[in-house]
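The structure appears below as structure tokens.
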């Protein structure tokens, strides 16, 4: 069974990793949000893409979910001693990625090709694709701080500003990265990982051509909201500030009309009666490697059943 | 006594350091070659400037003369694992410098202002100035490899190509960095450090306005060639390939008509009779911190005598 997973950062990376552990490499393509990419210290940083790659490569820091395991911070600390900005941490090993990516982008190469080569070097078997090779910047409209580039909102201001809406700058001229539409077309199902719908998945869905491609496919989503709470990040805060109830139900509604099935945590089982599409309730909190694999198996098993209904 | 030292990399940095140890901070300005600057991995690297700054800050690696002491190489090693170029080593602590400099240059700041702030953060009392804030690139004409940017010749090809000449690309539109001409004008003497005349000192002297400013001053030079050999680097190879005898005499001739006095090693005392300007023979091999200080004291003492002749 061929699967395309749509993923943002840490939560998405965990399920993508689970899928990679139970599928053969050629069965899995992960399409990753690049709306949170930015330039920092002269380098191109792709936080979600790196989190997914590091996680699937077994290189990620298990405590934070992002960055590299056994990381050191000498470059960053020395830049700070010189007055450099301290709000976005850059580890030494992680910098190796940013340096080589920036070098190759400066030489005119495209992000998807660079990512393919990096994954090969890191021993990642599954295909990891940025959603697009064109620059897209998620802009967060806030109540009091105007419009902020995503990392300014997310890291620098620690998601404190009240959110009014989102815009994906550059999305009109973006094209799906080479391989994205083909992977979707040949997939048996699309899995929307438990990432933030507003700022991780919506940018991917907004790339011109993505939504039409999904219209013909079996699409399931895993809720990033469990019992009204986010495992990580500002997803509950965003739904609330935008006037929605912060629940798995809002996530299911968010992805309409694409959704053919919805996966929510067992503690949200009472919400199932309010869903108008088939659903699976299971343990969705991926607090260990075993649970990542278990959730991936649950999702795949259920997709098979869904397709035979 | 106010001194302006002209310096390139390791040899120049050592004498500049000696001068910094015996002069008060306000008495010393070091004007540093930037013709060897280049872009690498998307970052602006200033090898000579950093060597001088690190050396005067006591941060330099005493074994290599360049780079930082107790350096680690995780970023560089990880970039290499991804296929990044390995010919120019970038240490983690050193990267902190390149990152913050690149960030500030990208924000429109000038190199001399950035260097001033870096020196303040590193506790360097003397004034260190890049020769210019405009980009200049030393190009090496070679017999078989065409024209090479300096670092390609110097590091990547390890000075192997036969040299035919040099060109300082961009020098016509370069201006002395703010403070350079003022420092020269108010100096009692100019000390040309034992750096490579062709690729470390000539770029400085070629900045428009520099040679006229030196014409009115007491200028002394310290030979980087001792007993026909270079302490470090390709200076002897360059003189030979360009058809000159590789000796301290050729260095003295190189700096004519600017020179008022010449300092050469005691083992070259037999050459003194061939010099047409006053000279000092002393121990010029700065193989220890004590000897850096001793040479600086010798040079300053002799300049005082020279000026009273």
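Every number in this text was worked out from the coordinates using simple rules, so none of it is lab data. All values reported here derive from a predicted model rather than from experimental measurement. Quick reminder, even Gly has a Cβ in these numbers, built from the backbone with ideal geometry, and neighbours come from all protein chains shown.
Axis angle, to the nearest 10 degrees, between helix A:92-106 and the longest C-alpha principal axis of chain A: 90 degrees.
Highest mean packing comes first when the peptides B:14-20, A:109-115 are listed by Cβ atoms within 10 Å, giving B:14-20, A:109-115. Taking chain A as the reference, fit the longest principal axis to its C-alpha atoms, fit the long axis of helix A:289-308 to the helix C-alpha atoms, and give the angle between the two in degrees, 0 to 90, nearest 10. Rounded to the nearest ten degrees, it is 40.
Cβ crowding within 10 Å, taken as a proxy for footprinting-reagent exposure, orders B:262, A:244, B:154 from fewest neighbours to most as A:244, B:154, B:262. Only DSSP H runs of four or more residues enter the estimate; each adds -39500 (n - 2.57), and after division by the residues of chain A the mean residue ellipticity at 222 nm equals -10500 deg cm²/dmol.
Legend: calculated FRET efficiency, residue B:1 to residue B:285, from the Cβ-Cβ distance at R0 = 25 Å, rounded to 0.05, equals 0.55. Figure legend: label point modelled 7 angstrom from the Cα of residue B:277 along Cα→Cβ; residues of region B:212-247 with amide N under 17 Å from it are B:212-225, B:247. Note on A:278-290: average number of Cβ atoms from other chains within 10 Å of each residue's Cβ is 0.
Principal-axis analysis of the Cα atoms of chain A puts helix A:10-22 at an angle of about 60° to the longest axis. Put in order of Cβ neighbour count within 10 Å, fewest first, the listed residues B:201, A:303 become A:303, B:201. The simple Förster model, with R0 at 22 Å and r as the Cβ-Cβ distance, assigns residue A:144 and residue A:88 a FRET efficiency of 0.50. In a Gaussian network model over chain B where Cα atoms closer than 10 Å are linked, find which of B:126, B:60, B:24 has the largest mean-square fluctuation. With Cα springs under 10 Å in chain B, the top fluctuation among B:126, B:60, B:24 is at B:24. Across the protein assembly as shown, Cα-Cα pairs farther apart than 38 Å form 44% of the total. Sorting A:34-46, A:213-225 by their mean Cβ neighbour count within 10 Å, with the most densely packed peptide first, gives A:34-46, A:213-225.
Applying 1/(1 + (r/R0)^6) with R0 = 41 Å to the Cβ-Cβ distance of residue A:217 and residue A:155 gives a FRET efficiency near 0.75. When peptides A:203-212, B:97-106 are sorted by average Cβ neighbour count within 10 Å, with the highest value leading, the order is B:97-106, A:203-212. Full extension of the chain between residue B:270 and residue B:173 gives 30.7 nm of extra length, using 0.36 nm per residue less the Cα-Cα distance.
Remark: mean inter-chain Cβ contacts per residue of B:34-47 equal 3, using a 10 Å Cβ-Cβ cutoff to other protein chain atoms. Compute the distance from the alpha-carbon center of region A:1-59 to that of region B:74-92, in whole Å. Going from one Cα centre to the other spans 23 Å.
Taking every residue in B:85-94 and counting other chain Cβ atoms within 10 Å of its Cβ, the average works out to 3. Put simply, the C-alpha atoms of chain A give a gyration tensor, and the ellipsoid matching it has half-axes of 29, 22, 19 Å, longest first. For a paramagnetic label modelled at 7 Å from the Cα of residue B:297 toward its Cβ, which residues of region B:1-34 fall within the zone defined by backbone nitrogen distances under 15 Å? It comes to B:18-24, nothing else. The Kirkwood radius of region A:247-309, taken over pairs of alpha-carbon atoms, gives through the Stokes-Einstein law at 37 °C and 0.692 mPa s a diffusion coefficient of 267 µm² s⁻¹. Spatially, region B:182-221 and region A:234-309 are offset by 72 Å when compared through their Cα centroids.
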